[in-house]
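Notes follow the structure.
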Amino acid sequence: MKTYICQICGDAYLGHEKPTDCPFCGAHDNFIKEGKESNPIINQPTDISELSKKNLEETLALEIRANAIYLCMAGKADTYELKAMYKRLAKVELEHAAVVTKLMNIQMPEIAPQECSEDDVENFRKTIELEEHATDIYSKFAKEATEANIRIFFTALMQVEKDHIELIKNYL
Ligand SMILES: [Fe+2]
Ligand SMILES: [Fe+2]
């Protein structure tokens, strides 16, 4: 068994092989390194520009809102599979929020509960809408970032949210 560390969320995965995606934040395997080669972005002191600060704040708001919406959807889902899937999505989005708090050196804000539909299909459509919005703004934020680790963060996040769209489309 080995220790693998995600360069985006900084969490350690203990396993026999490198996972294809980070089990915690969903970052792709190119961001996962063997322990001794790792230097996660949250471990790199960075002077964050005003623009990136604003973009990270918007990201934090979006991620915690997504977390609460997916928890609502997990509660309404008709099958165990969908409940488990939405719970995991909620955890992944919370992990994204946690990375932002570490990059900005701030506390995790309180998370307000959110509403969602009783209908799974309606929730799938809402999920795709949220993830498409996230993908678009993270792509913009990545281009705007002048700090290497912030650019890497938004690039990785954009890929993860895109994966979520693919995941949900399988259910439609
Ligand atoms: Fe990760
Ligand atoms: Fe996210």
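Coordinate-derived values only; no laboratory data. Keep in mind the model is a prediction, meaning the values are calculated, not measured. Glycine also receives a Cβ, built like all others from the backbone with ideal geometry; neighbour counts cover every protein chain displayed.
With the helix formula -39500 (n - 2.57) applied to DSSP H stretches of n ≥ 4, the chain reaches a computed 222 nm mean residue ellipticity of -20500 deg cm²/dmol.
Averaged across orientations, what area in nm² does the convex hull of the alpha carbons in the stretch 13-103 project?
The orientation-averaged projected area of the Cα hull of the stretch 13-103 comes to 7.2 nm².
Other residues within the sphere of radius under 9 Å centred on the Cβ of residue 116, judged by their own Cβ, net out at -1 (K and R +1, D and E -1). In terms of other Cβ atoms within 10 Å, 158, 104 run from fewest to most in the order 104, 158.
For the stretch 1-37, the residues whose backbone nitrogen is under 14 Å from a point 7 Å from the Cα of residue 166, taken along Cα to Cβ, are 20-22, 26-30.
Between the residues 133, 48, 73, the greatest Cα displacement towards the positive end of the dipole of the stretch 47-169, with unit charges on the Cβ of Lys, Arg, Asp and Glu, is found for 48.
Once the other residues with Cβ under 15 Å from the Cβ of residue 155 are scored (Lys, Arg +1; Asp, Glu -1), what is the net sum?
The answer is -3.
Considering only 40, 113, 23, the Gaussian network model of the chain with Cα springs below 10 Å gives its largest mean-square fluctuation to 113. Taking all C-alpha pairs of the stretch 115-171, those more than 15 Å from each other amount to 51 percent.
Gain on full extension, evaluated as 0.36 nm per residue between residue 58 and residue 14 minus their Cα-Cα distance, stands at 12.6 nm. Across all Cα pairs in the stretch 77-165, the calculated P(r) in 5 Å bins from zero up to the longest distance comes to 3, 12, 19, 24, 20, 12, 7, 3, 1 percent per bin. One decimal place: the segment residue 115-residue 81 gains 10.2 nm when fully extended, by the rule 0.36 nm per residue minus the C-alpha distance.
Exposure here means at most 13 other Cβ atoms within 10 Å; with GluC sites (Glu not before Pro) in a DSSP loop as sites, the longest stretch of the chain lacking them is 18-109. Rounded to the nearest 20, the Cβ-based charge dipole of the chain about its Cα centre (Lys and Arg +1, Asp and Glu -1) stands at 440 debye. Identify, among 111, 171, 13, the residue whose Cα sits farthest towards the positive end of the charge dipole of the chain, taking +1 on the Cβ of Lys and Arg and -1 on the Cβ of Asp and Glu, with the dipole about the Cα centre. Comparing the listed Cα positions along the dipole, 13 ranks first. Using the Kirkwood radius over Cα pairs, work out the Stokes-Einstein diffusion coefficient for the chain at 37 °C and 0.692 mPa s, in µm²/s as a whole number. Value of D from the Cα-based Kirkwood radius: 200 µm²/s. Using Cα-only point scatterers and the Debye equation, what is log10 of I(q)/I(0) for the stretch 2-42 at each q in 0.20, 0.32 Å⁻¹, rounded to two decimals? With one equal scatterer per Cα and no solvent, log10 I(q)/I(0) is -0.44, -1.18.
By the scheme Lys and Arg +1, Asp and Glu -1, what is the net charge of all other residues having a beta-carbon under 13 Å from that of residue 84?
+2
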